[in-house]
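The values are calculated or read from the model by the stated rules, or taken from the named source; none is laboratory data. Just so it is clear, the model here is predicted, and its values are computed rather than measured. Positions of Cβ are backbone-derived with ideal geometry, glycine not excepted, and every protein chain shown enters the neighbour counts.
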Amino acid sequence: MLDATLLNLLACPETKQSLRVASQVLVDAVNAAIERGELVNRASRKVERPVETLLIREDNEIAYPVWDDIPTLLIDEGIYIGRFVNQLSKSDRSS
């Protein structure tokens, strides 16, 4: 788990927006897409390793993976998560 002090210091490398830790539901949805071979990062490379967690940008469009307790804050490693956020909010509304 990321230290709260460290999290407060981190920002998106592209926009400088603050980051927050993703919900476990979102992490599970992203990991399911990785397992199916459907997820690519911003560099259009397939993400092959499940994430421990994600750090989400304020605008909910991009998340940065955390592996081995280390945030990967590289623009090319960012993952577009808008579709996951939209799917999860739709399922929340239908429940």
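Considering the conditions (1) touching a Leu at 6+ places or on another chain (Cβ under 7 Å); (2) part of a helix (DSSP H, G or I), Arg83 is excluded by exactly one of them, (1).
When you look at Glu38, is it free of Cβ contacts under 8 Å to residues at least 40 places away in the same chain, surrounded by fewer than 18 Cβ atoms within 10 Å (Cβ to Cβ) and not in a helix (DSSP H, G or I), yes or no?
Values: free of Cβ contacts under 8 Å to residues at least 40 places away in the same chain: yes; surrounded by fewer than 18 Cβ atoms within 10 Å (Cβ to Cβ): yes; not in a helix (DSSP H, G or I): yes.
Considered against the rule, which asks whether it is free of Cβ contacts under 8 Å to residues at least 40 places away in the same chain, surrounded by fewer than 18 Cβ atoms within 10 Å (Cβ to Cβ) and not in a helix (DSSP H, G or I), Glu38 comes out as yes.
Between Glu48, Glu61, the distinction of being free of Cβ contacts under 8 Å to residues at least 40 places away in the same chain, more than 10 Å from the chain's Cα centre (by Cα) and over 19 Å from Ala4 (Cα atoms) belongs to Glu48 only. Residues that are surrounded by fewer than 22 Cβ atoms within 10 Å (Cβ to Cβ) and in a loop (DSSP other than H, G, I, E, B) within the range 55-80 comprise Glu58, Asp59, Asn60, Glu61, Asp68, Asp69, Thr72, Leu73, Leu74, listed in sequence order.
In the range 77-92, is there at least one residue being in contact with a strand residue (DSSP E or B) (Cβ under 7 Å, 6 or more places away or on another chain), farther than 27 Å from Ala4 by Cβ and small (Gly, Ala, Ser)? The answer is no; no qualifying residue exists.
The residue that is surrounded by the fewest Cβ atoms within 10 Å (Cβ to Cβ), counting only those in the range 12-32 that are aliphatic (A, V, I, L, M) and closer than 12 Å to Ala63 by Cβ, is Val21.
Across the range 41-50, the number of residues qualifying as exposed (fewer than 14 other Cβ atoms within 10 Å of the Cβ) and either assigned to a helix (DSSP H, G or I) or on the phi < 0 side of the Ramachandran plot (or both) comes to 5.
In the set Val85, Val51, Val66, which member is at pLDDT below 95 and either in contact with an Asp or Glu (Cβ under 8 Å, 6 or more places away or on another chain) or under 18 Å from Val25 (Cβ atoms) (or both)? Before the answer, list the steps.
Working: Val51 fails: at pLDDT below 95; Val66 fails: at pLDDT below 95.
The conditions single out Val85.
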